[in-house]
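Since the structure comes first, as structure tokens, the remarks are kept for the end.
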Amino acid sequence: MHHHVPVLAEEVIAAFDSLTGKNNLSYFDGTFGRGGHYKLLKDNYNISKAVATDQDLQAIAYAKENFPEVIIHHTNFNTFAQENAQSNTEKFDMMLCDLGVSSPQLDQADRGFSFNKDGPLDMRMNQNQSMTAARIINEFTEDDLFKLFREFGEIQNPARVIRAIVEDRKTAPFTTTMQLSGLIERVDGWHKKGIHPATQHFMALRLVVNQELHVVEEGVQQLMLQLTDGGRLAVISFHSLEDRIIKNLFKDSDLGFSVNKKVIVPSDEECKTNPRARSAKLRIFQKGAQPEKPDKFALRRLQREQNEN
Ligand SMILES: C[S@@+](CC[C@H](N)C(=O)[O-])C[C@H]1O[C@@H](n2cnc3c(N)ncnc32)[C@H](O)[C@@H]1O
């Protein structure tokens, strides 16, 4: 059984603390996975209705079997949010998106997410879509591959790897993960320690195969509109470009405010026990007006004014 440990567990529970003691809360989970965060939140808050989406068929099957009380949709949370906006616009008190892939997806070689497990060069979260990582590697022009690795992988100089890809694919198309990671090792060199040189290439491909940045930009914006007044949306991201999008959406919105001025990251302790948490970043948005902070200087100001008069 592939297991998924929810990241930032304590912090996600605390993210909704303004709703403690409230009854009949409605919850939306955009990235249900194995329901790890949902379970934590259900144990700590009075959730009476839970709606969830996941674009992975295995996550859907798991949810149906283990969480029959959850209304689960096999779809992208952006598609759900757009459709919800078109119909009756159901609103939620608590919303969570824990972006990216789950441990079961990474651990299963046949999903093709992992550069060190041999499998098909796939990387689709939604197994019903047609775009795969193999299609990108075999069909994109040299210029498009350059843009992809520079922009989404933040790789300074991807040219040598791309030239080797274009050369190799003339003889035989790329079909497996190790074919690609082997090429990157060969071209960039790797001494079997530190971060593997294929890490960023695989991340970039995954983002593009699943259109992850576009989905976050459109979907999170729409979800913010679907909060009840005082409701909160928590988003966990694992990529600096994603985090930047979320930060700006929350900062620029006049619908509500960012609950924490500074981004929340995992403790050293958590990073040690769960290395997958290392790049996690949590941001929280609350709909409605920001409660006024107690004005520490008000009394002194009042006294001064009275003395002056
Ligand atoms: C990091 S895992 C979530 C884990 C979950 N919070 C838990 O504790 O079990 C991300 C999950 O969200 C799904 N996913 C990622 N992006 C999605 C999107 N835009 N729409 C729907 N599901 C998505 C993935 O298929 C994966 O199952």
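Read the figures in this text as sums done on the coordinates, not as results from a lab. This one's a predicted model, so the numbers in the text were calculated from it and none came from an experiment. FYI the Cβ positions are ideal-geometry reconstructions off the backbone, even for glycines, and counts take in every protein chain you see.
Couple of notes before you dig in:
- Taking the fewest neighbouring Cβ atoms within 10 Å as the starting point, the ordered list for T177, T228 is T228, T177.
- Convex hull volume of the Cα atoms of segment 123-176, normalised per residue: 87 Å³.
- For the chain, dividing the convex hull volume of the Cα atoms by the residue count gives 185 Å³ per residue.
- Under the combined filter of DSSP loop state and at most 16 neighbouring Cβ atoms within 10 Å, segment 218-309 retains these chymotrypsin sites (Phe, Trp or Tyr not before Pro): F297.
- Separation of alpha-carbon centers, segment 65-108 and segment 167-243, rounded to whole Å: 20
- Taking trypsin sites (Lys or Arg not before Pro) across segment 164-225, the ones in a DSSP loop with at most 14 further Cβ atoms lying within 10 angstrom of their Cβ are K192, K193.
- Extension gain, L106-Q129: 0.36 nm per intervening residue step, less the Cα-Cα distance, totals 6.5 nm.
- Packing-based exposure ordering (other Cβ within 10 Å, fewest first) of D107, D43, D122: D43, D107, D122
- Reach of K91 by Cα under 26 Å, taken over lysines that are not fewer than 8 positions away in the same chain: K22, K39, K42, K49, K64, K247, K251, K261, K281, K287
- Taking segment 127-209 and dividing mean pair separation by its residue count, relative contact order in percent (alpha carbons under 8 Å, at least six apart): 42
- Spin-label model distance (nm) - R169 vs E154, 7 Å beyond Cα toward Cβ: 2.6
- FRET efficiency, 1/(1 + (r/R0)^6) with R0 45 Å, evaluated for T141 and D43 via beta carbons: 0.30
- Working from label points 7 Å from Cα in the Cα-to-Cβ sense, the Q86 to K247 distance is 3.5 nm.
- Set of segment 250-274 residues, backbone N closer than 19 Å to the point 7 Å along the Cα-Cβ line of N116: 271-274
- Residue order, fewest to most surrounding Cβ atoms within 10 angstrom, among H191, H196, H214: H191, H214, H196
- The protection proxy used here, the mean number of other Cβ atoms lying within 10 Å of each residue, ranks peptides 143-153, 51-61 as follows, highest first: 51-61, 143-153.
- Here the 3J(HN,Hα) profile of segment 128-134, calculated from phi with Karplus coefficients 6.51, -1.76 and 1.60 at θ = phi - 60°, is 8, 7, 9, 6, 10, 5, 4 Hz, Gly and Pro shown as x.
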